[in-house]
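The values are calculated or read from the model by the stated rules, or taken from the named source; none is laboratory data. Not measured: the values here are computed from a predicted model. All Cβ positions, even for glycine, are placed from backbone atoms using ideal geometry, and neighbour counts span all protein chains on display.
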Amino acid sequence: MRLDIFSEMQHPKEHWTQPDHEHRLIRETLEQARLADEMGYGVWWQVEHHTAVEFSYSSAPEVMLTAIAMGTKNIHVGHSAALAPARFNHPIRIAERSAFIDHLSGGRFQLGMARSTIPEWRVFNIDADATRSQMQQAFEMVPNQRHPQALPQAAPSPVAGVLQPRVLRAGGTQRRGRARRDAVGVSGAGGRDDSPLPRGAEDAL
């Protein structure tokens, strides 16, 4: 059995009493990830939420995962999940950031994608009816980021090109071969296709 950790960075308002409470939360999360690495956990999964107040402070998971990767040795770092509608994260940027984190982590990065929910769609002025098709575009594009391709319809105009950098390992990013209606998984460069997405990534997003 392998255990992973799923981090929301929840921060109840009763802890907001000191001016440095947000800084403490970030530092404590980094310390928890280092401890998880020492204890042999498999993957540190970081969510993506915006304007979620005390429910989740994890609004910049790519930054947090990079910091965790640079301070750990063995634990994989997972984005669970990148919000795939283009107003959140254009699929080109998802692919580019994922490849960079994969290099910085030494091939330990794993990626999931999801649609999010109505409150966050409203914040980013996203048409709910377009979210499924945009997530599908991202799911088809990101694993193929090593090859020349036309950019998805969300791009301002069709442009062909190869995204840089590539993921670290020669195998490239691979699909898990399993998807749900609202969330999909894309394994990291390490090819750990046996590792399921956390329940929160599949069912809650």
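Identify all residues within the range 106-137 that are under 14 Å from ALA84 (Cβ atoms), part of a strand (DSSP E or B) and either in contact with a Gly (Cβ under 9 Å, 6 or more places away or on another chain) or free of Cβ contacts under 8 Å to residues at least 12 places away in the same chain (or both); write none if there are none.
Within the range 106-137, LEU111, GLY112, MET113 meet the criteria.
Out of all the residues in the range 35-43, is one or more under 14 Å from GLN110 (Cα atoms) and among the hydrophobic types (A, V, I, L, M, F, W, C)?
Among the residues of the range 35-43, at least one is under 14 Å from GLN110 (Cα atoms) and among the hydrophobic types (A, V, I, L, M, F, W, C), which makes the answer yes.
Residue by residue through the range 7-29, note down the ones that are modelled with pLDDT of 95 or more and among the aromatic types (Phe, Trp, Tyr).
If the condition is that a residue be modelled with pLDDT of 95 or more and among the aromatic types (Phe, Trp, Tyr), then no residue fits.
Working only within the range 2-48, note down all residues that are more than 15 Å from ILE68 (Cβ to Cβ) and of a type in the set (Phe, Trp, Tyr).
The answer is TRP16, and nothing else.
Taking VAL43 as meeting all but one of (1) without any contact (Cβ under 8 Å) to a residue 12 or more places away in the chain; (2) surrounded by 11 or more Cβ atoms within 10 Å (Cβ to Cβ), write down the number of the exception.
All conditions pass for VAL43, except number (1).
Please enumerate the residues belonging to the range 1-28 that are surrounded by fewer than 10 Cβ atoms within 10 Å (Cβ to Cβ) and of a type in the set (Lys, Arg).
Selection gives LYS13 alone.
Which condition from (1) closer than 24 Å to GLY42 by Cβ; (2) crowded, with 17+ Cβ neighbours inside 10 Å; (3) among the charged types (D, E, K, R) is the one that GLU120 breaks?
All conditions pass for GLU120, except number (1).
With the structure loaded, tell me whether PRO143 is part of a loop (DSSP other than H, G, I, E, B) and either on the phi > 0 side of the Ramachandran plot or modelled with pLDDT under 90 (or both) or whether it fails that test.
Against the criterion (part of a loop (DSSP other than H, G, I, E, B) and either on the phi > 0 side of the Ramachandran plot or modelled with pLDDT under 90 (or both)), PRO143 does not qualify.
Give just the number: which of (1) surrounded by 23 or more Cβ atoms within 10 Å (Cβ to Cβ); (2) more than 27 Å from ARG166 (Cα to Cα); (3) of a type in the set (A, V, I, L, M, F, W, C) does ALA33 not satisfy?
The number of the failed condition is (2).
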